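The values are calculated or read from the model by the stated rules, or taken from the named source; none is laboratory data. Everything numeric in this text was worked out from a predicted model, so none of it was measured. Quick reminder, even Gly has a Cβ in these numbers, built from the backbone with ideal geometry, and neighbours come from all protein chains shown. SASA here: full protein model, heavy atoms, side chains in, ligands and nucleic acids out. Shrake-Rupley method; radii C 1.70, N 1.55, O 1.52, S 1.80 Å.
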Amino acid sequence: MDTQIWYAIFSTLIGGVYGACRRLGEIRTLGMLRSRFESLPKAFNQCLIPSDTSKRRGFRAAFSKPSKTSEDTREQEKIAARFAQIWNLIITSFREEDLIDDREKDLLLVPYCKDRDMDIIQWPPFLLASKIPIALDMAADSGGKDRDLKKRMKSDPYFTYAIKECYASFKNIIYELVIDSRERGYIQKIFDAVDEHIAEETLIKELNMSNLPTLSKKFIELLDLLESNNKEDHDQIIILFQDMLEVVTRDIMVDQLSELLELIHGANNKRSEGMTSLDQQDQLFTKAIDFPVKKTQAWNEKIKRLRLLLTVKESAMDVPTNLDARRRISFFANSLFMSMPDAPKVRQMLPFSVLTPYYKEDVLFSSQALAEQNEDGVSILFYLQKIYPDEWKNFLERVHCESEDQLHETEHSEEQLRLWASYRGQTLTRTVRGMMYYRQALVLQASLDMARDDDLMEGFRAADLLSESDESPLLTQCKAIADMKFTYVVSCQQYGIQKRSGDPHAQDILRLMTTYPSLRVAYIDEVEEPSKDKNKKIEKVYYSALVKAAVTKPDDPGQKLDQDIYRIKLPGNAMLGEGKPENQNHAIIFTRGEGLQTIDMNQEHYMEETLKMRNLLQEFLKKHDGVRYPSILGVREHIFTGSVSSLAWFMSNQETSFVTIGQRVLANPLRVRFHYGHPDIFDRLFHLTRGGVSKASKIINLSEDIFAGMSLFPLLPIIAQFQWKLFC
């Protein structure tokens with residue numbers, strides 16, 4: 001007992017120091033994420049983007065001195081463009097998983113590229129939210145004194161970023177809409193006067209800012225009309241332009257634009273004569289507005305983003321509100337500042353496979369199972385709605401329904417309801433979706449590897465490749481590269497029996513294969529064949545089979561079935577030992593690559609963590625003790641059932657302490673860490689030649705996980721533990 005207590009104290013101290021030295025927990029909250037967000041793009045590029053060493057080689061490159069400002073500016077643009085591709089992919093996956101709603105998604109997204117018309121840095125709106133309404137109120141109440149506003153701008157850099165972006169976007173939109181030379185000339189003089197005051201730092205002192213909120217309200221009305229983009233609103237657009245011009249010339253800048261007032265209103269130099277009739281004023285902008293606008297994706301995003309900056313008055317300190325989204329985004333950001341191997345290009349990374357054993361567990365919740373009540377009168381769906389109330393609300397928003405009853409009106413919405421519930425239970429559907437994030441991540445990373453820098457800075461969107469109805473040559477090539485590097489095999493032991501008996505589980509598994517065409521299912525097929533023995537007419541023959549979804553045309557009315565890839569005849573029934581390890585052993589021959597990850601069917605994965613896989617596999621190429629390469633890469637995991645009950649919360653925390661501090665100390669300095677299950681990655685070739693990853697002897701090997709590490713211990717392998725990769 002005393003030894004156990006002293007070991008607990010020792011492991012806590014050593015594990016804590018070890019983790020602190022590796023920068024664990026630097027970013028634990030959203031506040032910490034905000035304070036470090038400016039350094040996030042650079043850290044992301046250093047960790048997750050392959051370095052291009054092919055550029056600037058040779059004698060001339062060694063002695064050439066390029067323009068520092070132009071080179072630095074271009075490099076910063078490339079860093080921001082690459083970061084935006086992956087950051088937006090992560091935020092989009094949060095929305096698809098219903099962790100955030102549409103408003104939070106808009107607040108978290110980053111512009112894909114730098115706007116050439118606005119030479120400014122654009123940050124996510126959640127960092128800039130409420131800054132503009134506060135700035136407007138401070139300017140309106142300033143009374144010609146700018147001390148408080150300057151103090152706020154110096155203390156909060158995002159306050160300055162928000163003001164600069166709002167002004168630049170305002171100018172850009174006005175110039176885009178006004179096409180007549182006369183009106184553009186008037187507007188040009190107004191902006192020139194404002195820019196001059198900004199340069200001289202006399203904007204608040206010289207202009208009457210009390211009417212600035214009025215101008216803001218008019219401009220928000222204009223943005224609403226631009227967002228709808230209806231031709232019938234053309235006259236209303238003209239009136240809004242006339243009203244904004246009147247506010248600027250008569251209320252805000254009346255003393256600075258006396259000459260312009262004469263030009264606009266056709267009056268004398270006297271101020272009393274500077275006011276003209278409405279008939280003459282109404283002639284402005286009647287033929288100068290280009291509306292409706294030819295909408296592009298970049299234009300729509302600019303309008304939506306600027307409207308958010310102007311209208312979001314509450315602070316976005318709690319965005320995202322979902323605790324799971326906060327935990328995931330904080331861990332991902334923190335891991336970027338930890339030590340990890342450089343990422344190779346997808347073409348050069350080590351190939352790997354994921355293997356999941358499955359027996360007869362739930363694949364996809366049926367509508368009947370979701371509505372069926374237990375002895376306490378509680379259904380699965382009702383229970384999930386109470387555990388995940390915010391995710392249920394976000395789901396209804398995503399499918400455009402207001403209540404549960406509307407979900408049952410159409411087949412598609414009811415199917416979405418089954419998926420939503422299955423993604424929150426311990427189902428095979430949840431596991432397959434999580435593991436197939438690997439392939440999606442590799443496709444996007446391959447497209448970024450092949451994308452030119454100019455395309456990235458012009459708004460290339462790698463995520464849009466996956467939503468294309470007709471596959472482009474680039475998408476086809478990226479998918480082929482991803483399929484060469486990643487294989488996912490689900491070993492469904494009873495799939496053959498389930499097919500023949502008409503079990504709904506077989507149909508659900510087939511649906512998974514059609515949803516994810518690269519998914520492979522292995523099973524043991526029991527077939528009756530004519531016997532070669534004269535005394536027996538029929539004998540049972542066993543095959544280890546690998547199948548995939550049959551390729552059918554979209555207009556093919558036939559049923560989508562599976563088709564065989566391999567069938568290997570076995571000498572007999574393979575299920576001689578324990579079920580789960582035997583299920584893994586018969587399917588391991590269908591895996592490929594140099595890495596193998598064995599995932600249980602009650603686990604899932606996150607999109608942001610799959611982006612680090614090619615970094616993690618590089619650890620197989622490093623000698624961690626200076627002599628030997630590692631044979632098992634240990635990775636931490638998160639227990640997602642901690643919110644079910646107080647007991648589950650306690651067990652979740654206990655497991656978390658073991659997979660972090662506990663395994664950290666066992667791996668280093670004690671070097672006695674074995675294999676404890678789910679997310680560890682094996683050196684596939686090493687283990688295949690030494691008895692496999694599963695020990696299936698009856699009674700002896702009840703837990704097949706730990707014996708994979710114990711059997712290697714006499715060989716003195718290296719089993720390394722890494723804290724910057726997370727599984728669930």
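Classify region 92-190 from the C-alpha gyration tensor, please: rounded if a/c falls under 1.5, else prolate or oblate depending on whether a/b exceeds b/c.
Note, shape of region 92-190 comes out oblate.
For region 346-598, what does the alpha-carbon gyration tensor say about shape, rounded, prolate or oblate, given a ≥ b ≥ c as the root eigenvalues, a/c under 1.5 as rounded, and a/b over b/c as prolate?
Oblate.
What number comes out for the charge environment of Pro351, summing +1 per Lys or Arg and -1 per Asp or Glu over other residues with Cβ under 11 Å away?
Within the 11 Å Cβ shell, the charges total +3.
Over 21 Å between Cα atoms, which of Lys131/Lys151; Lys105/Lys131; Lys42/Lys622; Lys499/Lys698 qualify?
The pairs that break the limit, which is 21 Å between Cα atoms, are Lys42/Lys622; Lys499/Lys698.
In a shell of Cβ-Cβ distance under 11 Å around Glu96, excluding Glu96 itself, what net charge do Lys and Arg (+1) and Asp and Glu (-1) give?
+2
If you take the square roots of the eigenvalues of the alpha-carbon gyration tensor of region 298-384 and sort them as a ≥ b ≥ c, do you get rounded (a/c under 1.5), prolate (a/b over b/c) or oblate?
Cα axes put region 298-384 in the oblate bin.
I'd like the Karplus ³J(HN,Hα) series for region 121-132: coefficients 6.51, -1.76, 1.60, θ = phi - 60°, whole numbers in Hz, and an x wherever there's a Gly or Pro.
My calculation for region 121-132 gives 8, 10, 9, x, x, 5, 7, 10, 4, 6, 5, 5 Hz in order.
How far apart, in nm, are two points set 7 Å out from the Cα along the Cα-to-Cβ line at Asp318 and at His400?
According to this spin-label approximation, the distance is 3.0 nm.
So which of Lys154/Lys205; Lys479/Lys580; Lys154/Lys302 end up more than 22 Å apart by C-alpha?
Lys479/Lys580; Lys154/Lys302
Using a 1.4 Å probe, what is the accessible area per residue for region 346-598, in Å²?
Computed with neighbouring chains in place, this is 51 Å² per residue.
Give me, ordered by chain and number, the residues 5 or more places off Phe365 or on other chains with an amide H under 5 Å from its own placed amide H.
The answer is Ser422.
Compare the peptides 508-517, 306-315 by average per-residue count of other Cβ atoms within 10 angstrom and give them in order, highest first.
508-517, 306-315
Going highest first, how would you order 227-235, 288-296 by mean Cβ packing within 10 Å?
Going from most to least packed, we get 288-296, 227-235.
Hey, can you grab everything whose amide H is under 5 Å from the amide H of Glu637? Only 5+ residues off in sequence or another chain; H modelled, so Pro and N-termini drop out.
For Glu637, whose amide H was placed from the backbone, the distant partners under 5 Å are Phe727.
Express as a percent, rounded to the nearest 5, the fraction of DSSP beta bridges in region 346-598 (both residues included) that run antiparallel.
About 55 percent, rounded to the nearest 5.
Any chance you could run the full-extension gain for Gln507 through Ile120? It's 0.36 nm times the residue separation minus the Cα-Cα distance, nm to one decimal.
134.0 nm
Would you please put 399-405, 130-136 in order of how densely packed they are, using the mean number of other Cβ atoms within 10 angstrom per residue and starting with the highest?
Answer by packing, highest mean first, reads 130-136, 399-405.
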